[in-house]
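I have placed the structure first, in the form of structure tokens, so that the comments after it can refer back to it.
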Amino acid sequence: MRAPVFHGVGQPLRVETVSDPEPGPTGLVLAVRNCGICGSDLHASEITDDTGGMRPLRPGTIMGHEFAGEVMAVGSAVAGRFRVGDRVTALPFIACGSCVACLNGQGHRCPAVVSGGFGRIPGAYAEYVRTGVHETLPLPPEVDWRAGALVEPLAVGLHTVDRARLQPGESALVVGAGPIGLAVSLWCRFMGAGHVIVSDLSRERAERSARMGATGIIHAAKEDVVAAFKRQCGRRPDVVFDCVGVPGSQQLAMDYAPTNGRVVVAGVCMQPDRILPLKAITKELDVRYVFGYGKRDFEVTIDMLARGRVDASALLGDTVGFAAFPAAFEALRKDKSRVKVMLEPD
Ligand SMILES: [Zn+2]
Ligand SMILES: [Zn+2]
């Protein structure tokens, strides 16, 4: 099969012919229909040592963990669970399916889990990808391929809002209007937030959030964020979401929060960061962190997309084939204004 392959930091991906995946006894092979480019892939392809908490990618890695596809092969031990031709998406890892974590839908906490798209098992920047039978979920006909490839980032947003314990009528400040900030905005609105204000240094990015649940925006390059929030909502936010994940962004979220406020950190910072604990202490902030999602987050996201209860189409950007993919991937490093760029294998 063809796949854009990582060879080293500073080198564009190279589209090559590699061996086709096999389902193994308990897996599936999908023909990838769409796979989104994630900020984590850009990050992962830039790191040179493990000081930030993530191992550098090995040469030969096939990335891609936000995908939808069609079942092409079903492992012999799980025949009957899926049929060739089924439309599906999958959580991007393979776990044992039988431990306590797996049975609770927390496969990413399984002691035997192997993650897909960062080197352990090949990801979905490819014609075909192997998935686990326990991680694969059917896509109803109402969820098209591109929406199917958005389920993963939307599930991150859903889990993030879940971690915030948002109550109906509360106000939320979402810092950062990248794909995760937009997904968080969407679910805040869905969960009944009174105000969902999205701030970003780029006005263009912030404005896109109006189609993803935001009730107001703040252009953080030009406005004082707290003053602008108070002007729109009358007081500080009940919950502040850090959806940026760079050094300093957690401190900013703490600065924006009120006394007794909640801060939810969804942005993944992979460098040492400094915070001033006294700020969080004197406000008695509740700070919560987010990692991934459970299977239930995928199931709820698929169901809400299928029934038209959420519309994530504002997340969709360009769709590219293999030939244009390496350049599109590189372009995203510089131009952060784009939303989801998707591979569509040709
Ligand atoms: Zn991702
Ligand atoms: Zn397990």
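The values are calculated or read from the model by the stated rules, or taken from the named source; none is laboratory data. Keep in mind the model is a prediction, meaning the values are calculated, not measured. Backbone-built Cβ (ideal geometry, glycine too); neighbour counts: all protein chains shown. Keep in mind that these areas ignore ligands, DNA and RNA; they rest on the heavy atoms of the full protein, side chains included. Shrake-Rupley method; radii C 1.70, N 1.55, O 1.52, S 1.80 Å.
Looking at the chain alone, DSSP beta bridges between its own residues are antiparallel in about 50 percent of cases. For the chain, the solvent-accessible area with a 1.4 angstrom probe is 44 square angstrom per residue. Averaging the sequence gap over all C-alpha pairs within less than 8 Å and six or more residues apart, then dividing by the number of residues, gives segment 277-346 a relative contact order of 30 percent.
Helices meeting the span-like rule in the chain (full DSSP H runs, Cα extent of at least 30 Å along the helix axis, mean Kyte-Doolittle score of 1.6 or higher) are absent. From most to least packed by mean Cβ count within 10 Å, the peptides 86-92, 182-188, 124-130 give 182-188, 124-130, 86-92.
Taking the Cα centre of segment 274-346 as origin and assigning +1 to Lys and Arg Cβ atoms and -1 to Asp and Glu Cβ atoms, the resulting dipole is close to 480 debye. In the chain, helical runs assigned H by DSSP with n ≥ 4 each contribute -39500 (n - 2.57); averaged across all residues and rounded to the nearest 500, the mean residue ellipticity at 222 nm is -7500 deg cm²/dmol.
With the alpha-carbon atoms of the chain aligned to their principal axes, the span from lowest to highest coordinate is 59, 40, 35 Å, starting with the largest. Across the accessible surface of the chain, with the other protein chains kept in place and a 1.4 Å probe, carbon and sulfur atoms take up 52 percent. Amide H to amide H, with H built 1.01 Å from N, F241 comes under 5 Å of L173, V174, V175, V264, counting only residues 5 or more places away or on other chains. Highest average first, the peptides 23-34, 95-106, 7-18 ordered by how many other beta carbon atoms sit within 10 Å of their residues are 23-34, 95-106, 7-18.
Here is the tail figure for segment 82-137: Cα pairs spaced more than 13 Å apart come to 59 percent of all pairs. Cα extents for segment 144-295 along the principal axes, largest to smallest and rounded to whole angstrom: 48, 32, 29. Remark: relative contact order (the chain) = 18 percent; criterion is Cα-Cα distance under 8 angstrom and separation of 6 or more residues.
Seen from D238, the other residues with C-beta closer than 12 Å to its C-beta sum to a net charge of +2, counting Lys and Arg as +1 and Asp and Glu as -1. Straight Cα distances below 18 angstrom link K283 to the lysines K230, with same-chain residues fewer than 8 positions distant left out.
Charge tally for R14 (other residues, Cβ to Cβ under 13 Å; Lys, Arg +1; Asp, Glu -1): -1.
Per-peptide packing, taken as the mean over residues of other Cβ atoms within 10 Å, places 159-171, 304-316, 73-85 in the sequence 159-171, 304-316, 73-85 from highest down. Restricting segment 207-288 to trypsin sites (Lys or Arg not before Pro) that sit in a DSSP loop and have at most 12 other Cβ atoms within 10 Å of their own Cβ leaves K222, R235, R274.
Between R120 and D224, the modelled labels are 4.8 nm apart [label points 7 Å from Cα along Cα→Cβ].
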